[in-house]
1. How high is the relative contact order of region 1-146, in percent, with contacts defined as C-alpha pairs under 8 Å that are six or more residues apart?
2. Out of every Cα pair in region 19-177, what percent are spaced more than 27 Å from each other?
3. To the nearest Å, what is the center-to-center distance of region 55-77 and region 166-188, using C-alpha atoms only?
4. To the nearest 10 degrees, how steeply does helix 276-301 sit against the main Cα axis of the chain, on a 0 to 90 scale?
5. Just one of [x] 22.9; [y] 22.2; [z] 23.6 is Kirkwood radius over Cα pairs in Å as worked out from the coordinates here. Which one is it?
6. Could you calculate the contour length gain from L313 to H52, that is, 0.36 nm times the residue separation minus the distance between their Cα atoms, to one decimal place in nm?
7. So what's the projected area for region 163-274, the Cα convex hull averaged over all directions, in nm²?
8. Can you tell me the order of 304-310, 186-192 when each peptide is scored by its average per-residue count of other Cβ atoms within 10 angstrom, highest first?
Amino acid sequence: MTSTQTTVLAAPPRSLREAWVALAGLSAVFLVEMLDNSILNVALPTIGRELHASTTALQWVTGAYAVVFGGLMLAFGAIADRFGRRRIMLVGLVLLGVASLATAFVSSVEQLIAVRVAMGVAAAMTTPGSLALSFRLFEDDDLRVRATTLISTVGLVGLAIGPTTGGFVLAIAPWQVLLLVNVPIAVLAIIGVRAGIAADVVADLHRDPIDIAGAVLGTAAIVLALVAPTLFVNEGAGSWAPWATTAAAVVGAILFFLRERSARYPLLDPKLVAHPLVSSGLAFKAAAGLATAGLGYLVTLQLQLDWGWSPALAAIGMLPQVVVLVAGGALIGPFVRRVGLGRAAWISAAAVVFGLAVYGSLSRFGYIWVALALVLVAAGMRVVGVVAGVNVLRGLPQNRTTIGAALTDTATEVTSAAGIAITGTILATLFTGPITTPTWAPHQTAEFHQALTTAALTLTTLATALVAYGIIRTRGTAAQTD
């Protein structure tokens, strides 16, 4: 062990200021992940024209990244806990920089999809580590919450400004610049992580053999779960393909669980996941992911297709959510100190569910109810995103923190995809004719309202069940969670 490592271990930072170099690097990592898809979406029409891409190919420009990212997080989380969190993150950042540079030489949509796959691999190697390494920087839970809040705020700012920034860039530069911007951000992240975080210490890692069969089954189940929503949108609920993919995902998940129960060295020990802090935190994160994705999808359709708002006006209509997500970080610390980590987790998750219920019940009566729902869901998600993640890591051994962070991100990715799939399926079932038809007949408007209410309340019921499960899991563990 080097003297630098000894110093860091003996005297962890006593404030965020003392760890500013490391936090700058980790914030840059999360910024890339949040900025990436949001800034690229605005360029899809331009990319389609220049690369002569079909609608399906354009979907995979963003979809390939999401599927690879979500599918590989667990596997890379397990690898990082064995071979070094800092080491895996640095390798991932180098891959991100190289893949982003390759954008300058792309001449076909197939090449762009390949670049996006490489960037998805890089994101799976780096994003969970941003939470795991920030958690391990500090010993005090208040500092852990503040650090995680800071990192997530930087990422959410990127998410909020991505489309606008992308639009301005496209006015003066080619679309490739939108991905080339990742290169300086990756360099900043590498500098911050190398300079601010000590090298991996062997004693903090574990050397259990990698459960290859478990990694394959887990990755397959997650990938199938993420692909299914796209198939529901493209093929429709009447096609066999999305249902077969969903069934295969369920079978894969069951086989993964059985494998992890019987494996001598499981990729993800079910006994660890059953810890009250872990299982409740995952339930709260899953509820937030389900509700947030479904609400965003429904509000976008309602404002533009039902109420006839222009895309620009609809973007303004989403501002209450954006403002709360970005500015709400300042309230997380005081709120957690007042009610405790455990109560903050379930209260914020309940706020998400309540916001979704308000939308499902009252949104047809005017925009004020839509805005209120957006504010409630955003406020709840802002808190639960930080607090539930910290609680999951608190419930795991020190040498399992990265796979724990990957698990929380995976839960959000999968349930977000499920929220969109459920919403899309209900809309496809209850709405007759193409939903993008410029002018709806009166019966189509009525069908849309029925579908909107049904979808929102269905998601509310599912999210309520997840929150209730999380609350039950935390009963009797107040000493651990507060």
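1. 34 percent.
2. More than 27 Å apart: 26 percent of the Cα pairs in region 19-177.
3. First find each Cα centre; the distance between them is then 20 Å.
4. 30 degrees
5. The calculated read-out lines up with [x].
6. Result: 91.0 nm gained on full extension.
7. Averaged projected area of region 163-274's Cα convex hull equals 12.2 nm².
8. 186-192, 304-310
The values are calculated or read from the model by the stated rules, or taken from the named source; none is laboratory data. This is a predicted model, so every value here is computed, not measured. Using ideal geometry, Cβ is built from the backbone for each residue, glycine included, and neighbour counts are taken over all protein chains shown. Quick note on the areas: whole protein, heavy atoms, side chains included, nothing else; ligands and nucleic acids left out. Shrake-Rupley method; radii C 1.70, N 1.55, O 1.52, S 1.80 Å.
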